[in-house]
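The values are calculated or read from the model by the stated rules, or taken from the named source; none is laboratory data. Small disclaimer: the values here were computed from a predicted structure and weren't measured. Cβ placement follows ideal geometry from the backbone for every residue including glycine, while neighbour counts extend to all protein chains displayed.
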Amino acid sequence: MPYRRTLRRAVGCTGIGLHSGRPVRLELKPAPAGHGIRFARTDVGVEIPASLEYLARLDHATTLSRDGVSVDTVEHLLSAFQGLGVDDVLVEVDGPEVPILDGSGAPFVILIHEAGLKPLAASRTYLKVLRPVEVVRGAKSIRISPADHFRVSYVIGFDHPLLRHQAASFRVAADTFAEAIAPARTFGFLREVETLRRSGLALGGSLDNAVVIGETGVLNNRLRFADEFVRHKILDAIGDLTLLGHPVVGHVEATRAGHALHAALCQRLRESPESWTLVTHPELPVMEFPAPVRVPAPRLALS
């Protein structure tokens, strides 16, 4: 039977917030069984559970908030926890945003690998989908249906010659997550940068932490994958679904979705208790810890 897992030791790094542009220190710490994933703003003394109840904003990132205190851009770190099977962890940040690092989930995979994983004396509970649930908003849609594993299939399309259509589908397991999903970086269009900054967003964005798309191509020399853009959307979706509080057993299919639809699907699931059940799955394979991904590591400060 799969057991809940936490970190063997604390590990940390420093970086800047993608949207705030502010320096921040991040530290990941072991936690007891049942603690769940919680963010602690050490600069103001407020703790925020990574749960749908504390979802605040979805403006180009996922933001959690409690008692007027928020933590922005949590989705890449949450995705790494989900992808590697981390159930209980305390995330300490001394500012309003998780550091963006290289714009992907790979640095967080490296951090978790440095910390190591520790099984806890409690079984893991999964949210198993029994009936399809769907959210449709014009040309955008997201659906989750029954499956015997967790899979995310995604289709994107933008008014740009480089991104007219991309599609990808992955069964989410520790190895495929670390190698094929986590390294995909966040992306944006050069034509939108000034508009975002006037709105107080992307203040910390650069070619070091985001793929920037110009009129004729990518400004960052080369992509990590030919379909890196849609893989990053899958990374985001995995992170946002972590707010359900349980690993998912089901097939997510998204078309031109994003943070808002990911959250809407989670809310629709919460409102449709007949469409899922909570189970322990002795037949599911125990996720082995993957080798570290081959991307530049963040500055690590082991605690």
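Structure notes:
- Only residues that are touching a His at 6+ places or on another chain (Cβ under 9 Å), assigned to a loop (DSSP other than H, G, I, E, B) and buried (at least 24 other Cβ atoms within 10 Å of the Cβ) were counted in the range 74-93, giving 1.
- Being modelled with pLDDT of 95 or more and either part of a strand (DSSP E or B) or in contact with a helix residue (DSSP H, G or I) (Cβ under 7 Å, 6 or more places away or on another chain) (or both) holds for only one residue in A254, A264, and it is A254.
- Only residues that are in contact with a helix residue (DSSP H, G or I) (Cβ under 8 Å, 6 or more places away or on another chain) and either surrounded by 23 or more Cβ atoms within 10 Å (Cβ to Cβ) or on the phi > 0 side of the Ramachandran plot (or both) were counted across the range 112-126, and they come to 1.
- Residue satisfying all of: in the range 162-175; more than 19 Å from L127 (Cα to Cα) and touching a residue at least 24 places away in the same chain (Cβ under 8 Å); surrounded by the most Cβ atoms within 10 Å (Cβ to Cβ) among these: A168
- Residue within the range 49-61 that is among the hydrophobic types (A, V, I, L, M, F, W, C) and farther than 27 Å from F187 by Cβ present: no
- A80 vs. criteria at pLDDT below 95 and within 13 Å of the chain's Cα centre (by Cα): no
- Inter-residue pairs, beta-carbon under 8 Å, first outside the structural domain of R25 (by TED's automatic domain parsing) and under 17 Å from G245 (Cα atoms) and in the range 53-78, second surrounded by fewer than 17 Cβ atoms within 10 Å (Cβ to Cβ) and among the charged types (D, E, K, R), 6+ apart: none
- Candidate set: the range 55-73, residues that are outside any strand (DSSP E or B) and of a type in the set (D, E); chosen: the one modelled with the lowest pLDDT: D59
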